[in-house]
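The values are calculated or read from the model by the stated rules, or taken from the named source; none is laboratory data. Everything numeric here is computed off the predicted structure, so don't read it as measured data. Here the Cβ positions follow ideal geometry from the backbone for every residue, glycine too, while neighbour counts run over all protein chains shown. For accessibility, only protein heavy atoms count, side chains too; no ligands or nucleic acids. Shrake-Rupley method; radii C 1.70, N 1.55, O 1.52, S 1.80 Å.
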Amino acid sequence: MLFAVVSAIAQDATTDELRISGGWVRESIGPAPTGAAYMEFHNAGARTITLTGATSPAADTVVLHATTRDGDILRMRPIDSLAIRPGETVSLAPGGHHFMFTGVKTPFRSGMSVDLTFTFSDGRAITVAAPVRRIQSGGVEHDHGQGDRQ
């Protein structure tokens, strides 16, 4: 079996082969109906694990995005999946891959946590609770790109 059953919802989740850690969600700017989540996926197993999507009761949709630089502009585009090779850690971080929430039901505020359920190519699902972090001025915890102000 690729994954053990993860029954408890926790900030971090570990199965036989996969560790999801360091998850956090960016605090909403005003009443913005969008948001972003970040975390790390570490594959301790012997075969590639493919992340195929995510859902959250906090938003209408959650889409995996890649960020690329086009001159001075950072552009986001949806991607269908993310392969995590054996022994590899894939970081979803500001300015790079991330999960984009659309149709956020209640603005994300510091002190909240957001449940995210990740799906994988073998049909398994793992749920984590990611804390919402405040955006810091000066020492920015999140910079979603020059051209994107959510």
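I'd like the carbon and sulfur percentage of the solvent accessible area for the range 53-101, probe radius 1.4 Å, heavy atoms only, ligands and nucleic acids excluded.
50
Hydrodynamic analysis of the range 3-126 uses the Kirkwood radius over alpha carbon pairs. Inserted into Stokes-Einstein at 25 °C and 0.890 mPa s, it gives a translational diffusion coefficient of 163 µm²/s. For A129, neighbours were defined as the other residues whose beta-carbon sits under 13 Å from its Cβ, and their charges (Lys and Arg +1, Asp and Glu -1) total -2. Averaging the sequence gap over all C-alpha pairs within less than 8 Å and six or more residues apart, then dividing by the number of residues, gives the range 63-127 a relative contact order of 27 percent. Round to the nearest 0.05 the FRET efficiency obtained for T102 and T14 when R0 = 35 Å and r is the Cβ-Cβ distance. Calculated transfer efficiency: 0.75.
Measuring with a 1.4 Å probe in the full set of protein chains, what accessible area per residue, in whole Å², belongs to the range 16-145?
Values: 6090 Å² over 130 residues.
With the other protein chains kept in place, the range 16-145 gives 47 Å² per residue.
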